[in-house]
Amino acid sequence: MIKKVFGVGINDANYTVKIQESYYIEGKRKRRTTFECPYYVKWKSMLMRCYSEGYLNKNPTYKDCLVCDEWLTFSNFKSWMETQDWEGKQLDKDLLFRGNRVYSPTTCLFVPKDVNYFMLTCKASRGDTPLGVTHCSRTNHIVAYIRDFSGKELNLGVFSSYSSAHFAWLYHKISNCKQLLIKHSSSRDVVKGLTAVLYRLEENFTNKVECDVL
């Protein structure tokens, strides 16, 4: 019997998806990877996010996520991925459908890294504070922050309340979304997803309603 990947995935590839070679350092045998199929890497990473106990303990926001039955078989995922513009991009399940928890051909697409960083909410590390807000226990300050297009956190300043900090974040988030729409205007799916996100962000900002997801 073939051992399933993370207990659910079926690797039915008719070729070797990973090649390693042995080498020695000071008489000790080591191994290094010389080849790993990029389709398999994406597939295995997707399964890990949904079914690896260790990963889920560190990233509890994925605990309710799952992979559709079709994609539990590697060749099906690979066939889909081969039709996508995937090189240098990351698999995303959230942009097209807000709050989506299922990886499938109809809900996923490959997005540039800056779009992926834009969609991060860091709920697990943020705790109970609103999006874009943190409370510094050392100084007792309420701080707003936003991620730039490389994923780096940028400090937006100290605020008197969680609400004012959140809306400062929301103002900058809207600006970032507009920049991404211009930058990726040639990608129909990315534009579709970002346009929906922008509409929700602007509606929340106008009506002074805090948003908990993008």
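The values are calculated or read from the model by the stated rules, or taken from the named source; none is laboratory data. Since the structure is predicted, the reported quantities are computational estimates derived from the model, not experimental observations. Every residue, glycine as well, gets a Cβ built from its backbone with ideal geometry; the counts of neighbours run over all protein chains shown. Each accessible area value is taken on the protein alone, full model and side chains, heavy atoms only, with ligands, DNA and RNA left out. Shrake-Rupley method; radii C 1.70, N 1.55, O 1.52, S 1.80 Å.
The rows are residues; the columns are (1) touching a Phe, Trp or Tyr at 6+ places or on another chain (Cβ under 9 Å); (2) farther than 27 Å from residue 46 by Cα.
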residue: 86; (1), (2): yes, no
residue: 89; (1), (2): yes, no
residue: 105; (1), (2): yes, no
residue: 129; (1), (2): yes, yes
residue: 150; (1), (2): yes, no
residue: 162; (1), (2): no, yes
residue: 165; (1), (2): yes, yes
residue: 179; (1), (2): yes, yes
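Do you know which residues across region 119-169 are in contact (Cβ under 8 Å) with a residue 40 or more places away in the chain, within 30 Å of residue 82 (Cα to Cα) and not β-branched (Val, Ile, Thr)?
Result: 119, single match.
With without any contact (Cβ under 8 Å) to a residue 60 or more places away in the chain and of a type in the set (Lys, Arg) as the only criterion, which of 63, 78 stands out? It is 63.
What's the total number of residues in region 137-170 that are charged (D, E, K, R) and open to solvent by less than 80 Å² (accessible area, probe 1.4 Å)?
2
Filtering region 194-214 to residues that are closer than 21 Å to residue 164 by Cβ, touching a residue at least 12 places away in the same chain (Cβ under 8 Å) and assigned to a helix (DSSP H, G or I) leaves 200, 201, 202, 204, 205. Looking only at region 122-134, residues that are modelled with pLDDT of 80 or more and open to solvent by less than 40 Å² (accessible area, probe 1.4 Å) come to 5 in all. Condition check for residue 116 on (1) in contact (Cβ under 8 Å) with a residue 24 or more places away in the chain; (2) over 29 Å from residue 67 (Cα atoms): one failure, at (2).
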